[in-house]
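Before any comments, here is the structure.
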Amino acid sequence: MGWDPLNPLVVLGATGSIGRQTLEVADRLETPVRAIAANRASDELFEVAATLPDAMVCVADPGEGRERFESAFGDRAHFGPGAVTEAAAIAGSTVVNGIVGAAGLRASLSALYAGNRLALANKESLVAGGPLMLAALDEGGGELVPVDSEHSAIWQCIIGEPSDSVSRLILTASGGPFRGFSIEELEHVTVAQALDHPTWLMGPRISTDSATLMNKAFEVIEAHFLFNVAYDDIEVVVHPESFVHSFVEFVDGVVKAEVGLPDMRKPIQYAIEGPSRQKTEREQFNVSGVSLTFEDPDRKSFPCLDLGYEAGRMGGTATAVLNAADEVAVGEFLAGRIRFVDIARVVVSVLESHTPTDPRSVEDIAQADAEARIRATEISGRL
Ligand code: MG
């Protein structure tokens, strides 16, 4: 163990919420940034690239923005999906993968095969391609560490503990903006309401996934692969204050938790420098007067949570299908074409019609993903 926080960073999804906060943390830690990548040649990416004169700038799908980037950044600019996977493979890097959706899997695999430290914010990499990710980690000999606050909490609780000493993981969930809503009330919620998350500031996909609890379902699957814990031993508890970022129970009955003010910059920093810790000025967590509440998730109003367990237990390509169907359904919801409650209906239908197989390559995953998207689009169109 021990990762040098001065190892250069490769930041994938540099203009997203995680990417921007990663660059802020890197600036504070004085960690050099070797490459940044984003899907589009946006103004935001252009501005970020201008502040990092030594970094490669990779744009997966530049479209008409290509010329502008080429003339401004010259040799630093690289284009196409291949440029992103190549950046992830730059030897000796810490690769922060903040790409949104299943598109992040290839870059994650590339980082792991290259033996890099992969700081994973793109949970879809593990949801869609868990077995492939573990094989790549094994072959490359690098590291796979979480950025997600819950998994970072678990990592920080189990560090230094014997590997067979964990008996249960308890993931906390804020419950999202619709906590306490009945199924009837959920029939009428709007996109604006779904995007109004009570504690975390995030992009539209993950905000919607937090509102349906699909995000927590993905996190259960992510925890299963990251920490090698059976689905029966992973629980979810709703904790609206979001101060406890998760619990780990050990075989002797001891329970540890990581607690503090919600701030994604902390798990991002730990993913870069952990298990080292650099002194950082942050708002202090004043324990006195704080009350913490915990409750069981409402599995009837939020069926996506159990869909995650179901797909996880089905195994193989089922979790890739779960993710693909959800990506389509969330997109349809955000575009105003289906209702909030329809998201789970679309995902259930797609999952029920899928026979999982063991993925042997990223192409197998891509095929299951593509089929699920077609099916999810069809079903959404009929609702
Ligand atoms: Mg999380």
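Name every residue in the range 315-367 that is open to solvent by 30 Å² or more (accessible area, probe 1.4 Å) and within 13 Å of Val127 (Cβ to Cβ), in order of residue number.
Across the range 315-367, the qualifying residue is only Glu327.
Among the numbered criteria (1) within 21 Å of Ile206 (Cβ to Cβ); (2) buried (at least 16 other Cβ atoms within 10 Å of the Cβ); (3) out of contact with any Pro (no Cβ under 7 Å at 6 or more places or on another chain), which one does Ser42 miss?
(2)
In this structure, is Leu134 closer than 30 Å to Met56 by Cβ, open to solvent by 30 Å² or more (accessible area, probe 1.4 Å) and away from the ligand (no atom under 16 Å from the Cβ)?
When the stated conditions are applied, Leu134 passes them.
If you check every pair at least six apart or on different chains, which have Cβ atoms under 8 Å apart with a residue in the range 199-221 that is closer than 16 Å to Gly336 by Cα first and a residue that is within 11 Å of the ligand (Cβ to nearest atom) and modelled with pLDDT of 95 or more second?
Asp209/Asn215; Asp209/Phe218
I'm checking my understanding of the structure. Among residues of the range 97-124 that are of a type in the set (S, T, N, Q) and in contact with a strand residue (DSSP E or B) (Cβ under 7 Å, 6 or more places away or on another chain), which one is nearest to the ligand (Cβ to nearest atom)?
Only one residue tops the list, namely Asn122.
I need the full set of residues from the range 202-243 which are under 12 Å from the mean Cα position of the chain (by Cα) and not in a helix (DSSP H, G or I), in order please.
Met202, Gly203
Considering every residue within the range 171-178, establish whether at least one is touching a Pro at 6+ places or on another chain (Cβ under 7 Å) and open to solvent by less than 10 Å² (accessible area, probe 1.4 Å).
yes
Which of the residues belonging to the range 203-235 are out of contact with any His (no Cβ under 7 Å at 6 or more places or on another chain), of a type in the set (A, V, I, L, M, F, W, C) and within 14 Å of the ligand (Cβ to nearest atom)?
Answer for the range 203-235, where residues must be out of contact with any His (no Cβ under 7 Å at 6 or more places or on another chain), of a type in the set (A, V, I, L, M, F, W, C) and within 14 Å of the ligand (Cβ to nearest atom): Ile206, Ala211, Leu213, Met214, Ala217, Phe218, Val220, Ile221.
Taking the conditions exactly as written (within 14 Å of the ligand (Cβ to nearest atom) and of a type in the set (Val, Ile, Thr)), does Ile159 satisfy them or not?
no
Given the structure, is Ala107 open to solvent by 10 Å² or more (accessible area, probe 1.4 Å), within 28 Å of Glu332 (Cβ to Cβ), among the small types (Gly, Ala, Ser) and at pLDDT 95 or above?
The answer is no for Ala107.
Report the residue count in the range 142-156 for those that are in contact with a Lys or Arg (Cβ under 7 Å, 6 or more places away or on another chain) and within 14 Å of the ligand (Cβ to nearest atom).
1
For residues that are more than 20 Å from Ala329 (Cα to Cα), modelled with pLDDT under 95 and aliphatic (A, V, I, L, M), tally how many sit in the range 181-229.
Of the residues in that region, 1 qualify.
Table: residues versus (1) more than 28 Å from Thr190 (Cβ to Cβ); (2) part of a helix (DSSP H, G or I).
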{"position": "Gly312", "(1), (2)": "yes, yes"}
{"position": "Arg337", "(1), (2)": "no, no"}
{"position": "Val350", "(1), (2)": "no, yes"}
{"position": "Pro359", "(1), (2)": "yes, no"}
{"position": "Ile365", "(1), (2)": "yes, yes"}
{"position": "Ala370", "(1), (2)": "yes, yes"}
{"position": "Ile379", "(1), (2)": "no, yes"}
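Take residues that are within 18 Å of the chain's Cα centre (by Cα) and tell me which of the helices (runs of 4 or more DSSP H) falling wholly in the range 82-201 contain 2 or more.
Those helices (runs of 4 or more DSSP H) span 105-113, 124-140, 149-158.
The values are calculated or read from the model by the stated rules, or taken from the named source; none is laboratory data. In this text, all values refer to a predicted model and were calculated from it rather than measured experimentally. A quick note on method: Cβ atoms are made from the backbone with ideal geometry, for glycine too, and the neighbour counts reach across all protein chains shown. Just so you know, the surface numbers come from the protein's heavy atoms only, side chains and all, with ligands and any DNA or RNA stripped out. Shrake-Rupley method; radii C 1.70, N 1.55, O 1.52, S 1.80 Å.
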